[in-house]
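One structure is given below, encoded as structure tokens.
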Amino acid sequence: MATEHGGDSGFGTEQAYVESADGTRRRLAFVDQYPAAARTARICLWIAFAAFGVGALFGLIQALHRTNTLRIIPSADYYTILTGHGVLLALVFTTFGIAGLFHWANTRSLGVAPTSKRLTQGWLWTMSIGTALATFTILSGLFDQIPASADVLYTFYAPLEAHPLFYVGAALLVVGSWGAGLDWFLQYREWRQSNPNERIPLQSFMVMTTMLMWYLSSVGVAIEVVVFLIPWSLGLISQVDPLLTRTLFWYFGHPVVYFWLLPAYVVWYTVLPKLAGGRLFSDPLARVTFVLFLLLSTPVGFHHQYTDPGIASGYKLVAMTNTFFLLLPSLLTLFTVVASMEHGARQQGATGRLAWLKDLPWERPAFSGIALAGIMFAAGGFSGMINAGMNINYLIHNTIWVPGHFHLTVGTAYALTLMAISYWLVPQLTGKRLQLRGIAAVQPFVWFVGMVLMSNAMHRGGLAGIPRRTAEPQYDQVSFDAVVGTVGEMRIQIAIGGTLLFIGAVMFLAVMAGTWLLGKPNSQLRVNGAIPEPLSGPEESPRVLDNLKLWTAIAIALVLLAYGVPLYDMLADGLLSPGSPVFPV
Ligand code: HEM
Ligand SMILES: [Cu+2]
């Protein structure tokens, strides 16, 4: 079986080729070894891409509307479009993309097929039905004839109220993802039985730590939705405590960003070095990074509530400190990934202190996309530090700076990485060679330039105080003072950047649709799915790193420390008080 450490040469043994009846040989792809898992991963990715297409269109509509460039919707529908954009991209595109990627990564690295077909079908359907319900209720808001709507944005706080089906849909999406995690843990259990003393293969280790973090944190939103919002939207309870439900939301709302980001890290650590022509620098460092994310991702949510009354500043300060600790694993990642790329370039003969950078394979979209996503993420990290600072946060809170920040992180680090890895992975999942390669080669650069324009203008707009989430940011009576440049020039950049991003999305989808429809099955693939061994392997780290029970226990303890008392304070005055009645939208 292909295990973690089938290096390029290891994979080139008898396993690596299949011979067809006429005697032609072609490289063995993932789909040949694990046809069922490949199919599941494909379904997940196609749903992710469909959500991405619609979400990107909505993004374009918003970017043009709020800059007063082109208005095709009434301003009253802006919230509907914005909700669709946030939900389809930040929740659906991410969750399905992650499920597809993890299904491949876990199966590949363990060398064990998913154990229960029923379970796999169960979570796929649960997630799909949830998505359909949520999308339907959101889009219904555009049609007066349909008596449903969900203009509550992807953060769906009380007291804004959506149709109950929206909350049911969101809950099913989360519950489905729990089932997916179970699928991967069962694969691991099966692998463990035949490999009692081995170290956990790296990709599987990453999948499981990410899912443990996800279980721990998504409990918050599940309680919020199931215990409070669903009964409240059904009229079974008349009011909810907005502070309590917001707190439950943000308890989940920060770790969810790592749920989006860590799959990108899986790709950066395990595939990018190979695409750069080399090997991962250090497997132990990668493990340490993921353990740190498991420990530190959850006890930080109050950093989204710096302006919320009712939470003592001391707890906000604890959250801030934890947040800055959370920088550490990202900085470790920066170091490891850059070192691995440099190693790759030097393996291919590159020299010079920085000259090796230009010898990387920038013409290959899988590489260039991931590398550009990484560069963007570094910029997003800087604006993230500003968001995290308890006092400077007030400067940019709820301004358009915030979307400027997260279009660099989830909107590029995650999204561009998923697009780029698809250029490498989809051929292996379909057995079809990538089509429209010329478009693919340019696409990451189009996204990058579009994002540079849109995001820098959003950041500066935020410094000028321009609000987010509004169709009419110009407020005729108010003029914004730009710190650098002019507001008019920022608007043009947002419009042009948003348009380029949309073009980048269409180019990506064209390549995927072309590959799916035009590619011939069982092609002689150009990509090779083998992942070489790291320079420094897991045997160089202590075994305790693989003790997932221990890390989970510590993670829970940290959550109790950060959240125990403040949550108790909120509950002490009664479960539903101070309560707010429904505020229909
Ligand atoms: C075609 C590409 C895209 C364009 C043109 C675009 C444009 C925009 C604009 C202009 C806003 C601000 C709206 C406002 O505050 O009034 C926004 C918000 C947002 N975008 Fe994007 N975006 C794109 C891609 C993405 C991607 C790939 C993601 C995530 C994977 C994403 C996630 C979000 C989220 C979560 C919001 C905030 C929604 C809210 O405040 O409720 N966007 N986008
Ligand atoms: Cu956060």
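The values are calculated or read from the model by the stated rules, or taken from the named source; none is laboratory data. Because the structure is a prediction, the values reported are computed rather than measured. Counting neighbours? That spans all protein chains shown, and the Cβs are built from the backbone with ideal geometry, glycine included. Surface accessibility is based on the protein's heavy atoms, side chains included, excluding ligands, DNA and RNA. Shrake-Rupley method; radii C 1.70, N 1.55, O 1.52, S 1.80 Å.
So here's what we get for this one:
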| read-out | value |
| --- | --- |
| Between helix 164-194 and the chain: long-axis angle, C-alpha atoms, 0 to 90°, nearest 10 | 30 |
| Test item: Cα-centred dipole of the chain, Lys/Arg +1 and Asp/Glu -1 on Cβ, debye | 1260 |
| Residue 157 accessible area, 1.4 Å probe, all protein chains in place, Å² to nearest 10 | 40 |
| Whichever aspartates and glutamates have a C-alpha closer than 19 Å to that of residue 549, once near sequence neighbours (fewer than 8 apart) are set aside | 183, 190, 198 |
| Size of electric dipole in region 349-477: Cβ of Lys, Arg +1 and of Asp, Glu -1, about Cα centre, debye, nearest 20 | 380 |
| Test item: Cα-centred dipole of region 509-561, Lys/Arg +1 and Asp/Glu -1 on Cβ, debye | 300 |
| Interchain or long-range residues, amide H under 5 Å from residue 161's placed H | 583, 585 |
| Interchain or long-range residues, amide H under 5 Å from residue 240's placed H | 580 |
| Inter-label distance, nm, simple model (7 Å from Cα along the C-beta direction), residue 550/residue 36 | 3.5 |
| Accessible-area composition of region 435-585, carbon plus sulfur, in percent [1.4 Å probe] | 69 |
| Candidate aspartates and glutamates for bridging to residue 316, where Cα separation is under 19 Å - those fewer than 8 sequence places away on the same chain excluded | 308, 569 |
| Mean Cβ count within 10 Å, highest first, over the residues of peptides 275-282, 347-354 | 275-282, 347-354 |
| For region 434-565: span of alpha carbons on each principal axis (Å, largest first) | 64, 59, 27 |
| Region 432-477: chymotrypsin sites (Phe, Trp or Tyr not before Pro) in DSSP coil with no more than 14 other Cβ atoms inside 10 Å | 475 |
| For residue 433, distant residues with modelled amide H under 5 Å away | 520, 523 |
| Accessible-area composition of region 88-182, carbon plus sulfur, in percent [1.4 Å probe] | 71 |
| Per residue accessible area in Å² of region 457-585, where ligands, DNA and RNA are left out and the probe is 1.4 Å | 53 |
| Under Karplus coefficients 6.51, -1.76 and 1.60, residue-wise ³J(HN,Hα) of region 24-40 in Hz, glycine/proline x | 6, 10, 9, 5, 6, 10, 3, 4, 6, 7, 10, x, 5, 5, 5, 5, 4 |
| Linear extension gain, residue 157 paired with residue 568, 0.36 nm per residue minus alpha-carbon span | 145.9 nm |
| For region 43-145: accessible area per residue (Å², 1.4 Å) | 35 |
| Pairwise label distance in nanometres, residue 583 with residue 239, each label 7 Å out on the Cα-Cβ vector | 1.4 |
| Residues of type lysines that residue 358 reaches as a straight line, Cα spacing below 28 Å, ignoring anything fewer than 8 places off in the same chain | 274 |
| The chain - mean residue ellipticity at 222 nm from DSSP helices (-39,500 (n - 2.57) per run, n ≥ 4, rounded to 500) | -20500 deg cm²/dmol |
| Around residue 248: net Lys/Arg minus Asp/Glu count, Cβ-Cβ under 11 Å | -1 |
| Carbon + sulfur, % of accessible area of region 233-279 - ligands and nucleic acids excluded, 1.4 Å | 61 |
| J(HN,Hα) series, region 385-402, from Karplus relation 6.51 cos²θ - 1.76 cosθ + 1.60, nearest Hz, glycine and proline x | 5, 5, 4, 6, x, 4, 8, 6, 4, 4, 5, 10, 4, 6, 9, 6, 3, 5 |
| Rounded to the nearest 10 Å², the accessible area of residue 116 at probe 1.4 Å | 40 |
| Using alpha-carbon coordinates, inclination of helix 283-296 to the longest axis of the chain, degrees | 20 |
| Beta bridge orientation in the chain: antiparallel %, DSSP, nearest 5 | 65 |
| Stretch gain in nm, segment residue 132-residue 385, where the contour uses 0.36 nm per residue and the Cα spacing is subtracted | 87.5 nm |
| Cut-off 19 Å (backbone N to label point 7 Å along Cα→Cβ of residue 24), residues of region 418-441 | 427-436 |
| Packing-based order for 56-66, 73-83, using average beta carbon neighbours within 10 Å, highest first | 56-66, 73-83 |
| Label-point separation, residue 227 to residue 481 (7 Å along Cα→Cβ), nm | 4.7 |
